[in-house]
1. Looking only at residues that are more than 12 Å from the chain's Cα centre (by Cα) and under 10 Å from R60 (Cβ atoms) in region 8-50, which one is surrounded by the fewest Cβ atoms within 10 Å (Cβ to Cβ)?
2. Under 8 Å between Cβ atoms, at least 6 apart or on separate chains: pull out the pairs that start in region 52-64 with a residue that is among the aliphatic types (A, V, I, L, M) and end on any residue that is part of a loop (DSSP other than H, G, I, E, B) and loosely packed, with under 12 Cβ neighbours inside 10 Å.
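Throughout, read-outs are computed from the coordinates displayed, never taken from laboratory work. As the structure is a prediction and not an experimental result, all values here were calculated from the model. Methodologically, a virtual Cβ is constructed for each residue, glycine included, from the backbone with ideal geometry; neighbour enumeration extends over all protein chains shown.
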Amino acid sequence: MIGHKFRTGQTVKLSPARHDGEAPPGMYTILRPLPVEGLDVRYRIRSDHDGHERVVLEDRLSLLAGSVV
């Protein structure tokens, strides 16, 4: 069974792929995990820089040093 790696409220780093459009890399806050669809584990996140919200795949996110999962 596939589960979520990150929790609501955690700060993560987004490393967007080339095809992810205009999502800038940087620090984001996990707003909530989204339902798993097939093998896709997704989250709604908010940019710590500009406040924009996005939906991203878990494999684009990494935990910041010192954060607890």
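1. Residue satisfying both the conditions and the ranking: A17.
2. From residues that are among the aliphatic types (A, V, I, L, M), the pairs are L63/V69.
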